[in-house]
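Remarks on the structure that follows.
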Amino acid sequence: MCGRFTLASTPEELAAEFGLAGVPGEYRPRYNIAPSQPVAVLLPGKGGPQLRFLRWGLVPFWADDPAIGHRMINARAEGLATRPAFRRPFERRRCLVLADGFYEWRRDPGGKTPMLVRLASHRPFALAGLWDRWVPRDGGEPLDSCAIVTTEASPLLRPIHDRMPVILDRGEREEWLTRETSPDRLRALLRPYGGELEAYEVSRLVNSPENDVPACVEPV
């Protein structure tokens, strides 16, 4: 499960990490991104990956009601090829969700403790994602939305949670976005992250999505 994450890197850091010519002017640092909010994603484009903002919570093209997206913030790697909501996006509409940290809640005797997980290098990273476009039957504005792919937890995260988002290394990002990548290779990418991560306790401020401030990421 990945229910909150961060993207507080500077535009310059994002441009350098992901090879972008620039970052849209509406970008601002986020410390507590929650479902149904806009998230920064990379989609394949003719001149290279394009940064766009999509709503977090995938609404399949065939949905009768966009509210289904509230239940589709994550897509389990094990079911991408079989679940109706994810099968076509897995085949045709893969994306990269940009982040520089994500939260998980550890079950402790006194309750759930929020933990922030990030790369030991503190650089931004890409999460495997799926997206789709839903068009209202009354002819209203199309809705582009996305989900984050999750897999079993790495050894570091197992004491915190049994799932984690799929983090793709620099060399794997293009493979995930490329239409021609084989299904077998795509499935091979959906594994626990093997690089160096760090995790630490943070304030319960993050329990409310209304709190989107730097204090959310400060160690307790």
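Under a 1.4 angstrom probe, counting protein chains only, how are Asp108, Asp132, Asp184, Asp138 ranked by accessible area, largest first?
Asp138, Asp184, Asp108, Asp132
If you keep only loop residues by DSSP, which GluC sites (Glu not before Pro) in the stretch 1-45 have at most 11 other Cβ atoms within 10 Å of their Cβ?
When the GluC sites (Glu not before Pro) of the stretch 1-45 are filtered for loop state and at most 11 Cβ neighbours within 10 Å, Glu26 remain.
Percent antiparallel among DSSP beta bridges with both residues in the chain, to the nearest 5?
The antiparallel proportion sits near 90 percent.
Give me the distance between the Cα centres of the stretch 19-63 and the stretch 136-163, rounded to whole Å.
If we compute the Cα centre of each part, the gap is 13 Å.
Extending each Cα 7 Å along its Cβ direction at Glu12 and Arg88, get the distance between those two points in nm, one decimal.
It works out to 4.4 nm between the two label points.
Could you work out which residue, out of Ile68, Ile167, Ile148, moves most in a Gaussian network model of the chain, that is, has the largest mean-square fluctuation with Cα springs under 10 Å?
Taking springs between Cα atoms under 10 Å, the residue moving most is Ile68.
Loop-only check: which chymotrypsin sites (Phe, Trp or Tyr not before Pro) in the stretch 36-76 are DSSP coil with at most 11 other Cβ within 10 angstrom?
In loop regions of the stretch 36-76 (DSSP not H, G, I, E or B), the sparsely surrounded chymotrypsin sites (Phe, Trp or Tyr not before Pro) are Trp62.
Accessible surface of Val220 in the full protein assembly, 1.4 angstrom probe, to the nearest 10 Å²?
About 120 Å², rounded to the nearest 10.
Using a 1.4 angstrom probe with every protein chain in place, what is the largest-first accessible-area order of Arg187, Arg137?
Arg137, Arg187
Leaving ligands and nucleic acids out of the surface, order His70, His161 by accessible area at 1.4 Å, largest first.
Sorted by accessible area, descending: His70, His161.
If I model a spin label at Glu201 and Lys46 as a point 7 Å from the Cα along the Cα→Cβ vector, what separation in nanometres do I get?
The answer from the label model is 5.4 nm.
Note the full-extension length gain between Met1 and His122 as 0.36 nm times their separation in residues minus their Cα-Cα distance, in nm to one decimal.
41.4 nm
The values are calculated or read from the model by the stated rules, or taken from the named source; none is laboratory data. This is a predicted model, so every value here is computed, not measured. Methodologically, a virtual Cβ is constructed for each residue, glycine included, from the backbone with ideal geometry; neighbour enumeration extends over all protein chains shown. With ligands, DNA and RNA removed, areas are computed over all heavy atoms of the protein, side chains included. Shrake-Rupley method; radii C 1.70, N 1.55, O 1.52, S 1.80 Å.
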